[in-house]
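No lab work stands behind these numbers, since they all come straight from the coordinates. Just so you know, these numbers come straight off a predicted model, no measurement behind them. Here the Cβ is made from the backbone with ideal geometry for all residues, glycine too, and neighbour counts use every protein chain on show.
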Amino acid sequence: MKTLTVSVVTPDGPVMEDSFEMVSCKAEYGELGILPGHIPLVAPLSISAVRLKRGNDTERIAVSGGFLEVRPDKVTILAQSAEQPSDIDVERAEQSKTRAKQRLESKQSDIDFQRAELALKRAMNRLDITR
Ligand code: ATP
């Protein structure tokens with residue numbers, strides 16, 4: 001089976017680099033499935049799980065937005081943050097989810113709702129890939 005190299009990088013440094021048969025991810029305009037030999041493209045990523053397939057295994061990485069760069073033999077994911085399930089602190093994500101929900105439900109006028117909504121999405125995305 002043909003493979004492509006997938007490299008995941010964040011502002012804190014590289015998260016992983018390995019070979020996979022297929023990359024599935026959520027661009028801001030919809031789902032993308034990338035196989036070796038894909039035409040080059042750059043796409044903005046939404047807060048979502050990137051799925052990396054090799055044989056019968058699928059690895060998942062939670063990304064919090066950023067960009068995907070595709071070349072025929074390589075996919076580079078430049079993410080704001082990226083975690084593999086084993087790196088996720090579930091307790092922290094649960095607390096972040098509760099905090100964001102409380103902010104969204106509060107009637108205080110000084111709440112930045114968009115910020116709280118994004119924090120909620122990041123927390124739920126992290127929790128999703130640990131399940
Ligand atoms: P929190 O409110 O818990 O800080 P956040 O969504 O605001 O969550 P980010 O700004 O997205 O956090 O991430 C900041 C850094 O912390 C990144 O390096 C990210 O990988 C890491 N991080 C955030 N939440 C978790 C978590 N639950 N487990 C492991 N690492 C996390």
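Quick notes on this structure:
- Taking a ≥ b ≥ c as the square roots of the eigenvalues of the alpha carbon gyration tensor, the stretch 12-62 is rounded, as a/c is under 1.5.
- Estimated Rh, the stretch 4-97: Kirkwood, alpha-carbon pairs, angstrom: 13.4 Å
- The chain: calculated mean residue ellipticity at 222 nm from DSSP helix runs of at least 4, using -39500 (n - 2.57): -8500 deg cm²/dmol
- Angle in degrees between helix 90-105 and the longest Cα principal axis of the chain, rounded to the nearest 10: 50 degrees
- For I47, the residues whose modelled amide H falls within less than 5 Å of its own, excluding neighbours fewer than 5 places apart on the same chain, are G65.
- Percentage relative contact order, the stretch 19-131, counting C-alpha pairs under 8 Å, at least six apart: 21 percent
- Angle between the chain longest axis and helix 113-130 axis [Cα atoms, degrees, rounded to 10]: 50 degrees
- Sparsely packed loop sites in the stretch 3-98 (the GluC sites (Glu not before Pro) outside DSSP H, G, I, E and B with at most 15 other Cβ atoms within 10 Å) comprise E21, E28.
- 26 Å Cα cut-off, lysine pairs counted over the chain (separation 8 or more, or different chains): 14
- Rounded to whole numbers, the Karplus 3J(HN,Hα) couplings from phi for the stretch 59-76 are 9, 10, 10, 7, 10, 10, x, x, 9, 10, 10, 10, 10, x, 10, 8, 10, 10 Hz, using 6.51 cos²θ - 1.76 cosθ + 1.60 with θ = phi - 60°, and x at Gly and Pro.
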